[in-house]
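The values are calculated or read from the model by the stated rules, or taken from the named source; none is laboratory data. Fair warning: this is a prediction, and the values are worked out from it, not measured in the lab. Reconstructed Cβ throughout: ideal geometry from the backbone, glycine too, with neighbour counts over all protein chains shown.
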Amino acid sequence: MDFMNERITEDAGEEFAPSRYGLKSKNDSIVKPYGTYELFFEITFQVLQKLGAYEDIGTPEECRKAMERQRGKNPVKDEYNHDCCPTCGWVVYQEEYGGRYLLHCENCGQAIDWDN
């Protein structure tokens, strides 16, 4: 703790000057060194709150994948001649089961484009 006191009051033999090392707060007043920790925790708390908002909507990579799944892709045929999702292979149309065309894959959510 003595090291901290020396570091706060002196810097390489020079006397500590608050205006030189102080931080500006929101109202443009100089924050004294003892208030720096409080300012640090306040800023850290605000940053963590903003990062929490990004966790709610997902990472940029997750958002990119979700946008890609919204673009319709043509179904592909499997070895039994069923129309399947091009992303995961889930059957999206089977004529023998009533012939319902799915607009989105039930397994992964990929949009299916039947216009071909």
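Before moving on, here are some points about what is shown:
- Taken over segment 58-104, residues that are within 18 Å of Trp114 (Cβ to Cβ), in a loop (DSSP other than H, G, I, E, B), of a type in the set (Ser, Thr, Tyr) and over 29 Å from the mean Cα position of the chain (by Cα) amount to 1.
- Flag if Lys65 is surrounded by fewer than 10 Cβ atoms within 10 Å (Cβ to Cβ) and without any contact (Cβ under 8 Å) to a residue 40 or more places away in the chain: no
- Members of segment 105-115 found to be part of a loop (DSSP other than H, G, I, E, B) and within 14 Å of Pro86 (Cβ to Cβ), listed by number: Cys105, Asn107, Cys108, Gly109, Gln110, Asp113, Trp114
- Residue within segment 18-25 that is under 29 Å from the mean Cα position of the chain (by Cα) and modelled with pLDDT of 80 or more present: no
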